[in-house]
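Undergrad: Input: one structure, supplied below.
The values are calculated or read from the model by the stated rules, or taken from the named source; none is laboratory data. All values reported here derive from a predicted model rather than from experimental measurement. Counting neighbours? That spans all protein chains shown, and the Cβs are built from the backbone with ideal geometry, glycine included.
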Amino acid sequence: MKMNSLSRTHQLVLGALMGAINVIFALISSYLFAFSLIIMLFLPLASIIVAINIDLKFYPVYLLGTLTLALVLNLGNIDNTLFFLLPILTSGLAFGLLIRHKVPDILILLIVSGVNFLTLLITIPIINLIYDVNFLQVFASFIGFNNIEFGELVLPSILTLLAVMQTLITLVIVTQDAAYFRLEINTEEWPYISLVNLGFSAIVTVLMFFNHGISLALLFVVILLSLYQIVHLFQKHTIFAWSTLLATIVFIIIGLALFENYTSLPYYFGIIIAVIPVVISDILWLYISRKKSEAKK
C-alpha cells in the first residue's frame, strides 16, 4: 500500500490497523518472551507509518488506544506490555516527527535511541511497583546472568544496545524503502558530529569514576559515532580515512594497555582514547573542506 495524503477516515483506519498489529504481537510476546526481543527490533515501523501519515493530534489516541487495549487483553502480563510495547509507540512518534522535520539520519538514530532508552527507564520503576520485584534482576537472570552484580553492570549496556539496534534496523528499512513510503530521509553528514562525540567521550570519562554501568553503556554510543565519522571520511578522502583508522587502532591498543596496567578502572574504558584521532581527523577535514570551498569562490 503506497501512502498518499490520507483523508481523516483513512487516517483513523490506518491507526486502528497498525494498533491491532501492535496488540497482536504484544499478546504473542507475552507467551514467547524471547520473541519480544525480535518484536522490539522490527515493530516500530508500524508506529512510524502512523506518525508520518496521520495528523499528529490523532497520535495520542493511537498510542493510548493501543496501549489500553493491549493491557486489557493481557492483564496477566502488564510488565511485558509496558516494557516492550510502550517504547515502540514512543520511539515511533519520535521517528515520525524527526523525519517530518528532515533531521539528519545520525541525529534520528541518537534521539530515537535516547527516547527508547528513557521510556524503558520510566517503565521499569512502574513494573517494580506493580509486582514488587526488581525487574532488572529478573531480566538479568532471564538472559543468563546468574551473577547479579555482573548482570546489573552490563544491563544498561544491553538496554542501550537494544535501543540502538531497534532504531538502526528501523532506520535502514525506512531509508531503503523511502520512495515506497513517499518519504525523504536526510542522509547528509551532520557537520557537528565530532563535537557530539567529544561531548559523549567527556561524559564517559567523568562517569567511569562513579557509575561503571551507565558509562559503559555510553561507551557504545562513542564507538558508534566514531565508526560513523570514519565511514564518512572514507567517502571523502581514502588516505585520510585509512590514516585515521590505523591511528584509532593504535590508540585502542595503547588505551587498553594503560587502563589494564596502570589504573584501577576497567580496561575497556581505555577505548575512549581512540576517539582522539577520529575527532581530530574529522575537524581537520571540515577545516580543509571549508578552505577549499573559500578558495574556489
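Undergrad: Please specify each residue of the stretch 258-272 satisfying the condition of being more than 26 Å from residue 231 (Cα to Cα) and of a type outside the set (Ser, Thr, Tyr).
TA: If the condition is that a residue be more than 26 Å from residue 231 (Cα to Cα) and of a type outside the set (Ser, Thr, Tyr), then 258, 259, 260, 261, 265, 266 are the ones that fit.
Undergrad: Would you confirm whether or not the stretch 263-278 contains a residue that is touching a residue at least 60 places away in the same chain (Cβ under 8 Å), in contact with a Phe, Trp or Tyr (Cβ under 7 Å, 6 or more places away or on another chain) and not assigned by TED's automatic domain parsing to the domain that holds residue 118?
TA: The answer is yes; a qualifying residue exists.
Undergrad: Would you check if there is a residue in the stretch 22-30 being in a helix (DSSP H, G or I), of a type outside the set (Lys, Arg), at pLDDT below 75 and touching a Gly at 6+ places or on another chain (Cβ under 8 Å)?
TA: There is at least one residue in the stretch 22-30 that is in a helix (DSSP H, G or I), of a type outside the set (Lys, Arg), at pLDDT below 75 and touching a Gly at 6+ places or on another chain (Cβ under 8 Å).
Undergrad: So if I check each of 217, 247, 241, which one is assigned to a helix (DSSP H, G or I) and touching a Phe, Trp or Tyr at 6+ places or on another chain (Cβ under 7 Å)?
TA: After applying the criteria, what remains is 241.
Undergrad: Test residue 233 against the stated conditions and say whether it is assigned to a loop (DSSP other than H, G, I, E, B) and in contact (Cβ under 8 Å) with a residue 12 or more places away in the chain.
TA: no
Undergrad: Among the numbered conditions (1) loosely packed, with under 13 Cβ neighbours inside 10 Å; (2) part of a helix (DSSP H, G or I), tell me where residue 201 comes up short.
TA: (1)
Undergrad: I want to confirm something. Restricting to the stretch 78-121 and keeping residues that are in contact with a strand residue (DSSP E or B) (Cβ under 9 Å, 6 or more places away or on another chain) and among the β-branched types (Val, Ile, Thr), which single residue is surrounded by the fewest Cβ atoms within 10 Å (Cβ to Cβ)?
TA: Only one residue fits best here, namely 103.
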